[in-house]
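What follows is one structure encoded as structure tokens, with my remarks underneath.
The values are calculated or read from the model by the stated rules, or taken from the named source; none is laboratory data. Values in this document were obtained by computation on a predicted structure and should not be read as measured data. Here Cβ is always computed from backbone atoms with ideal geometry, including for glycine, and neighbour counts include all displayed protein chains.
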Amino acid sequence: MRKILIAILSALTSQFCLAQSTLSGRLVDDSEQAPIEFASVILYESNTQSFVKGVVSDMNGAFSLNDLKAGNYTLTIQFMGFEDKTIDGISIDKKQALDLGAIALSPNEQLLQELVVSGQKVTTMHQLDRQVFEADQFQNSQGGTATDVLRNMPSVSINAEGNMSVRGSTGFVVLLNGQPIQSDPALLLNQLPANSIKNIEIITAPSAKYDSEGKAGIINIITTQNATDGLFAQVNVKVGLPSIEPYDNKEAAQRYGADFTLNYRKDKWDLALGGSYLRNDKSGRREGDVWTEIGDKRTEFPSDGERSFDETNYSGRMAVGFHPNERNDFNISIYGGKRSKDRTADIYYDNKTYQLPDGGQISAFDYYNENLRIRTGDFALGSFDYSHRFSNESKLSLSALYEYTLLGGPTTNRNLATNWRQDQSIYNDEYNTNDNPLYGTRFNLDYDLAPTLLGQWTVGYQFRHLDHQGDFLYEAYDFDSDSWNIVPEYSSNLNLKRSIHSAYINLDGEGAQWNYGIGLRTELMDRKLDYIGRSIGDQRQVLNYDYFRFFPSASLQYAVSEDFKIKSAYSKRVERTTTFKMNPFKEKEHSETLEQGDANLLPEFIDLVELGIIKDFENQSFFATTYFRNTENVINRVNTVDSDTVLNRIYTNVGRGKAFGLEIGTEMNLTKWWTLYAGTNIYHYQIDGEFNQTKINPKAWQYLANINTTFALSPTMDLQWSLNYLSERITAQGKDSRFYSPNLTLSKSFLDERLSTTLQWLNMDMGLLDTNEQRISTSGDYIDPADGVRKAFYTTTNYVYEVDIIMINVSYKFNKLKNKAKFAESEFGNKEF
């Protein structure tokens, strides 16, 4: 360790000693003083006009030309939409650091007029390892959350339960402004206001410098940013009209919320404050039909009733940034809040049991199950980020995060008489608590070496540690003794600790027509699961699992011409599981369902290969990508028969999964007032495995499609229609039906775009379609190895959720500057919520 520290200090010292003459400055828009990113800055020798060096301005509009010799120079600056600028007579002395300050570029008025007339804006950008989508082009998401933006992406689909997948896979990692977020997207992204998002980046084959987790790749969310002095303030308000369709729910759905952001930047300081509140309920019903067979008895228990969600999120954030000079950047952020998601499943059951094989009825029993599951999460976290840019263009970055989250929430489960409003009979009354605090830490150290002839080398190290403790207590009410008693088979204590050390080296380079990247990441993971049940005789179990693995990556892009590119990529990934899926003790969800994890659950390991093309046609664009994904240790939820009227859902490794498909997207400016964006993903998926000594081999072609078309009714008013469609999909034991949702949005801006309003018609149906509705079916037939008895089951459940939702959103910016709030986000707790 001492030798390593000495080596690092020596390297850093050498960087400072290599200081040479430098020329720097900052590019701004002459009209609004906003920073200009990605402008070309080229330095020439004044006498010979020979090329010396060139750079591109960064997100703050800043540029720096280093290692210059003493002499006289000419600087030229170019950026599309602005007049070229030339600065002559620049004289640099030996070892001088010359700062030109703010350099204003004047807009090209002729080009701006053409842009205003056309009203068209590029929505999609294709880079070597990612696709970049501009969030504000998807107006159906205005006033909503990041989830509403993501549902427009060509590879992304969201089902009726709100579960998100990329290319048919639910395993992906979320980054916020490039920082790792280990989160359940359906929960984390539901808290991030859509109005604060600038771009969405889909990275399907990440390089080695990114964390190796996520079998479907990475979604990077880029928030709006600002680099000019002054005060930025934005307030967003959202209100939902009363539900149009009745669902016979106990309570009416409520939808409203507000969020605000204040960002003040002056000289070296950047202060930000934000807060949000969102109430986003969803009405609905659940229609089920289930039967089980155990030996010579068959039990049928069809059901029907309420399935609704009441979701509340509120949080506060604060960030302080300090930028003493162009080479150093400090940022501290804290984030805290509360969230809850209440799922009501009040269901009527009509149970009947028959004797096999003649089918004579043995018994019948009907009842009403009142079930409420509450998931809560109180959280607090803090992060620290520091970066230093050396004079030779190398860069050192350090990041640390600490998180505490208290997860929990009770589940109440009561069986009542069918006519419970008149008959107050209570058959069962049960209560489940699951307080499970989580402690997480992350540390990153990254170093970008000075550019070489081969390209940009980057090396880094990351450490992550998770400590998740769970106390699961299930109690049943004893009417005779008038007391609550523990139910041992559903109660347990569990503690998961996981430490991960990883290091990487990565090279990115480019030539006249080639762009390439190659890297290698090593990862050492150590996992310890410590658990004990509450039954008499239960012994504490300690299971250890570790691995040391290599995760290589490579990408290559070739520009056949300026408007036609070919690219390919390979990436090896891992999908680590949540603590919930590793709890080996059963948890009672509601009357007919138990859930259980697998203490020996293995991570999924993924190999991904893709090949694609990008073609631009004037103001149109098209891309197509073929891909193959191989997954070892596929984790699926499978069902077994627990008793005649109860199924047990188990998360376990079922074998190997293979997917190959084609992803296509296009952006078309059909007229000056009509644009169309469409994307589709067609893929074949197959699982080869075994569960309960039964072969599992489902396979099928599946697809999804996202369409978004916009009509410019006036320079300040747009009408946008979108459709999200998901085809029928296979699972290890069955299939999920198709799912679709059409939406219509009318948007209008006022006061020089400071005030914007949207009227949204979400989940359009009008009683004519099956919008926002999905059926999930599974079946199985096996010999139980525990008792040698044949058991079989079939279950199909249709989830019917609210349609024809009307929302009104209002957003006001107190000035036209954009926010640069660099808030911390939860990395550990959201994934377990």
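Structure data summary
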read-out	value
Failed criterion for ASP781 (all others in (1) among the charged types (D, E, K, R); (2) within 25 Å of the chain's Cα centre (by Cα); (3) modelled with pLDDT under 95 hold)	(2)
Matching entry among LYS352, LYS297, LYS341 (being in the same structural domain as ASP787 (by TED's automatic domain parsing), among the basic types (Lys, Arg) and within 15 Å of GLU592 (Cβ to Cβ))	LYS352
Residues satisfying the stated conditions in region 611-636, i.e. surrounded by fewer than 21 Cβ atoms within 10 Å (Cβ to Cβ) and touching a residue at least 40 places away in the same chain (Cβ under 8 Å)	LEU611, ILE613, LYS615, ASP616, PHE617, ASN619, GLN620, PHE622, ALA624, ASN636
Where GLN361 falls short, out of the listed (1) touching a residue at least 60 places away in the same chain (Cβ under 8 Å); (2) of a type in the set (S, T, N, Q); (3) assigned to a strand (DSSP E or B)	(1)
Qualifying residue in region 740-759 (condition: within 30 Å of PHE628 (Cβ to Cβ) and buried (at least 16 other Cβ atoms within 10 Å of the Cβ))	yes
PHE660 being of a type outside the set (Val, Ile, Thr), in the same structural domain as LEU726 (by TED's automatic domain parsing), surrounded by fewer than 18 Cβ atoms within 10 Å (Cβ to Cβ) and closer than 24 Å to TYR570 by Cα	yes
Subset tally (residues that are farther than 23 Å from ALA678 by Cβ and in contact with an Asp or Glu (Cβ under 9 Å, 6 or more places away or on another chain)) for region 750-771	2
Matching residues in region 783-804 - criterion: being buried (at least 16 other Cβ atoms within 10 Å of the Cβ) and not in a loop (DSSP other than H, G, I, E, B)	LYS791, PHE793, TYR794, THR795, THR796, THR797, ASN798, TYR799, VAL800, TYR801
Hits in region 306-330 - residues which are of a type outside the set (Ser, Thr, Tyr) and touching a Gly at 6+ places or on another chain (Cβ under 9 Å)	GLU306, ARG307, PHE309, ASN313, GLY316, ARG317, MET318, ALA319, ASP329, PHE330
In region 303-331, the residues that are surrounded by 17 or more Cβ atoms within 10 Å (Cβ to Cβ) and aliphatic (A, V, I, L, M)	MET318, ALA319
Looking only at region 569-610, and only at residues there that are surrounded by fewer than 19 Cβ atoms within 10 Å (Cβ to Cβ) and hydrophobic (A, V, I, L, M, F, W, C), the one that is nearest to the chain's Cα centre (by Cα)	PHE605
Options ILE536, ILE505; residue that is surrounded by fewer than 18 Cβ atoms within 10 Å (Cβ to Cβ) and not in a strand (DSSP E or B)	ILE536
Strands (runs of 3 or more DSSP E) contained in region 696-778 and holding at least 3 residues more than 25 Å from ILE664 (Cβ to Cβ) and out of contact with any helix residue (DSSP H, G or I) (no Cβ under 7 Å at 6 or more places or on another chain)	699-714, 739-750, 755-762
Strands (runs of 3 or more DSSP E) wholly inside region 544-647 containing at least 2 residues that are of a type in the set (D, E, K, R)	564-575, 587-590, 604-617, 620-643
Residue match in region 372-384 (condition: touching a residue at least 24 places away in the same chain (Cβ under 8 Å) and closer than 30 Å to ILE294 by Cβ)	yes
Set ARG279, ARG255: member being surrounded by 20 or more Cβ atoms within 10 Å (Cβ to Cβ), under 30 Å from SER591 (Cα atoms), under 23 Å from the mean Cα position of the chain (by Cα) and assigned by TED's automatic domain parsing to the domain that holds ALA380	ARG255
Residue pairs meeting the criteria (Cβ under 9 Å; at least 6 apart or on separate chains; first assigned by TED's automatic domain parsing to the domain that holds ILE218 and within 21 Å of SER499 (Cα to Cα), in region 547-574; second polar (S, T, N, Q) and not in a strand (DSSP E or B))	ARG549/SER212; PHE551/SER212; LYS572/SER212; ARG573/SER212; VAL574/SER212
Cβ-Cβ under 7 Å pairs, at least 6 apart or on other chains, region 311-328 side assigned by TED's automatic domain parsing to the domain that holds SER383 and within 20 Å of PHE260 (Cα to Cα), far side modelled with pLDDT of 90 or more and part of a loop (DSSP other than H, G, I, E, B)	GLU311/ASP281
Region 703-730: number of residues that are closer than 30 Å to GLY657 by Cβ and not polar (S, T, N, Q)	10
From TYR447, TYR490, residue being surrounded by 18 or more Cβ atoms within 10 Å (Cβ to Cβ), under 27 Å from PRO410 (Cβ atoms) and at pLDDT 90 or above	TYR490
